[in-house]
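Below is one structure; the comments refer to it alone.
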Amino acid sequence: MTQRVRKAVFPVAGLGTRFLPATKAVPKEMLTIVDRPVIDYVVEEAREAGIEHFIFVTGRNKGVIEDHFDVQFELYDTLAQRGRDETLAMLQRVQPLPGQTSFTRQQAPLGLGHAVWCARELVGDEPFALLLPDMIMRAEVGCLSQMVSLYDQTGGNVVAVQECDPADAHKYGIVGRGARAGTGFEIDRMVEKPARGTAPSNLYLNGRYILQPQIFSILEKQERGAGNEIQLTDAMLKLKAKQPFYGYHFKGRAFDCGSPEGFVEANLTFALERPEMHERIERALRALTGEQPRGKSGLKAG
Ligand code: G1P
């Protein structure tokens with residue numbers, strides 16, 4: 001019997017330098033995809049997978065994330081008085097219950113491995129999910145839910161992977177594929193940001209993990225790796241020598257909202273999926289890309 005995954009860690013301490021000036025005062029996790037902050041989608045994915053406790057590793061200037069997940073009594077009261085029942089129900093549907101959230105701070109930007117280690121006391125001695133909030137997933141069944149289904153069969157550690165353009169492999173953690181294991185596969189190699197031309201495959205870690213708590217004692221002693229940061233991938237490689245480690249090929253689409261292009265793409269995709277705005281957005285896109293003749297604006301025709 002595998003131990004159930006009840007807790008999820010969200011490392012939200014990053015400075016968001018790729019999004020300046022937007023992120024000078026606003027955390028990047030609070031930028032919106034249509035009308036919901038990025039972090040909302042990621043927390044929703046965790047909740048859908050059965051997570052009951054949400055652990056945020058924050059940093060300076062991230063206090064608004066804590067406010068976002070708190071009850072806003074005055075707002076809720078005003079909405080109720082004005083009969084805005086649908087809006088109120090929508091807010092309450094995603095409202096964590098009392099005691100379901102925890103916040104701790106990463107006090108120095110030492111890398112993802114260090115951010116995860118900062119959650120060790122809050123996670124304790126049980127398996128946990130880790131969701132990188134830069135990535136928003138779109139799938140009928142959420143990415144973490146799909147992983148939990150594999151984990152229920154295999155136990156151990158599970159990481160989600162997807163294919164990337166081989167030219168982009170140096171930007172990610174990359175894994176090598178071993179033997180089949182249920183709906184997943186055994187991982188035979190793992191390397192963080194391989195030098196160009198050295199990646200073992202184009203299967204990249206897409207930011208969703210189920211890890212056993214023994215990762216924390218490894219992280220505690222983990223030396224700096226790629227980018228001079230304490231890398232989670234390096235610690236996972238050590239854990240893999242002691243425990244089963246599986247890859248799960250995620251069936252769905254990942255939007256890297258940590259990059260402005262991925263963020264805009266996510267906005268357009270999610271907007272097009274909203275029945276009330278689909279027609280207008282589609283018309284606008286057609287006008288921009290198809291119907292406008294090639295002219296001085298530089299917009300492509302046809
Ligand atoms: C992190 C991980 C990397 C993973 C990536 C996914 O890198 O270290 O293994 O592939 O997230 O977004 P970062 O984006 O923080 O450079």
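Some observations on this one:
- Between L31, L97, L112, the GNM of the chain built on Cα springs shorter than 10 angstrom shows L97 fluctuating the most.
- For E126, E48, the ranking by accessible surface with the largest value first comes to E48, E126, using a 1.4 Å probe.
- Averaged over residues, the count of other Cβ atoms within 10 Å places the peptides 57-70, 130-143, 264-277 in the sequence 130-143, 57-70, 264-277, highest first.
- Cα centroid separation - the range 124-196 against the range 223-246, whole Å: 14
- Whole-Hz couplings from phi, Karplus 6.51/-1.76/1.60, listed for the range 184-189; x for Gly and Pro: x, 8, 6, 8, 9, 9
- With 0.36 nm allotted per residue and the present C-alpha distance subtracted, the D85-T198 stretch has 35.1 nm of extension available.
- Three-way shape label, the range 1-117, alpha-carbon gyration tensor, a/c 1.5: oblate
- Amide H within-cut-off set for G111, under 5 Å, with H built and near neighbours excluded: I230
- Rounded to the nearest Hz, the phi-derived 3J(HN,Hα) couplings of the range 268-283 under the Karplus curve 6.51 cos²θ - 1.76 cosθ + 1.60 (θ = phi - 60°) are 5, 5, 5, 5, 5, 7, 8, x, 6, 10, 3, 4, 5, 5, 4, 4, where x marks glycine and proline.
- Under the Karplus curve 6.51 cos²θ - 1.76 cosθ + 1.60, θ = phi - 60°, whole-Hz ³J(HN,Hα) for the range 151-161, x wherever Gly or Pro sits: 4, 4, 8, 9, x, x, 10, 10, 10, 8, 10
- Shape category assigned to the range 137-249 from the gyration tensor of Cα positions, a/c cut at 1.5: oblate
- When the chain is treated as a GNM with alpha-carbon contacts under 10 Å, the residue of I281, I51, I210 showing the greatest mean-square fluctuation is I281.
- Over 23 Å (Cα to Cα) - which of K62/K240; K7/K171; K62/K238; K24/K62 fall in this group: K62/K240; K7/K171; K62/K238
- Prolate/oblate/rounded label for the chain (Cα gyration tensor, a/c 1.5): oblate
- Each Lys or Arg adds one and each Asp or Glu takes one away; over the other residues whose Cβ falls under 14 Å from the Cβ of T23, this sums to +3.
- Comparing V71, V12, V26 in a Gaussian network model of the chain where C-alpha atoms under 10 Å apart are linked, the largest mean-square fluctuation is found at V71.
The values are calculated or read from the model by the stated rules, or taken from the named source; none is laboratory data. These figures come from a predicted structure and were not determined experimentally. Don't worry about glycine lacking a Cβ; one is built from the backbone with ideal geometry, like all the others, and counts go over all protein chains shown. Accessible surface is based on the protein model in full, side chains and every heavy atom, while ligands, DNA and RNA are left aside. Shrake-Rupley method; radii C 1.70, N 1.55, O 1.52, S 1.80 Å.
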